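The values are calculated or read from the model by the stated rules, or taken from the named source; none is laboratory data. Here the structure is a predicted model, which is why all the values come from computation and not from measurement. Every residue, glycine as well, gets a Cβ built from its backbone with ideal geometry; the counts of neighbours run over all protein chains shown.
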Amino acid sequence: MTAEHRACAAAAGSRAGANYDRTVSETSLAELLRARGLRLTAQRQLVLQAVLDLGHATPEQVHTAVREVAAGVNITTIYRTLELLERLGLVTHTHLSHGSPTYHAAGEDQHVHLVCRECGAIDEIDPDLLRPLADQLTAQRGFWVDIGHVSLFGVCGRCGNGDRE
């Protein structure tokens, strides 16, 4: 993670428990944008706040949330803004299905996504659980695992009642 990304992530707040509870002040976002020669717009603020509020969300879900506040914002604006916010280090994406990428708040803490194929629930686990596998792949094959993009699919305890293998 670059120093710039660490500064952006610090502006986004810190991880609280299993869920991200982050807010980025309008002033902090405005400063990050100005440093890149950009300006703060209502749409940019709304898109970032929607990602922070939703936790894990596709561009379509972000669009729905933003449209509740600003009906005129189109899906193209959502995609462009998400790409910008990712370049700023405030959000990151992963692929949790065959559809659109899912965005969530970025930070220093990487996590592995657990995706239930039955109900669609998304949970997070500590990447240290996969560290031995990642280290083994690096040692044996020279393959570096980007743990921040790892998603494991299965059936959650609520759907499977714990009796699936």
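Residue by residue, here is whether (1) of a type in the set (Val, Ile, Thr); (2) more than 27 Å from residue 123 (Cβ to Cβ) holds:
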{"site": "28", "(1), (2)": "no, yes"}
{"site": "34", "(1), (2)": "no, yes"}
{"site": "43", "(1), (2)": "no, yes"}
{"site": "48", "(1), (2)": "no, no"}
{"site": "58", "(1), (2)": "yes, no"}
{"site": "61", "(1), (2)": "no, no"}
{"site": "66", "(1), (2)": "yes, no"}
{"site": "76", "(1), (2)": "yes, yes"}
List the number of the failed condition for residue 93; all other conditions in (1) modelled with pLDDT under 90; (2) buried (at least 18 other Cβ atoms within 10 Å of the Cβ); (3) outside the structural domain of residue 45 (by TED's automatic domain parsing) hold.
(3)
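Just one of 164, 158 is at pLDDT below 85, over 27 Å from residue 42 (Cα atoms) and of a type in the set (Lys, Arg); which is it?
Values: 158 fails: at pLDDT below 85.
Matching residue, one of 164, 158: 164.
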Spot the failing condition for residue 120; the list is (1) part of a loop (DSSP other than H, G, I, E, B); (2) not assigned by TED's automatic domain parsing to the domain that holds residue 146, and only one is missed.
(2)
Those residues of segment 43-88 which are within 10 Å of the chain's Cα centre (by Cα) and either more than 25 Å from residue 112 (Cα to Cα) or not in a helix (DSSP H, G or I) (or both) amount to 55, 56, 57, 58
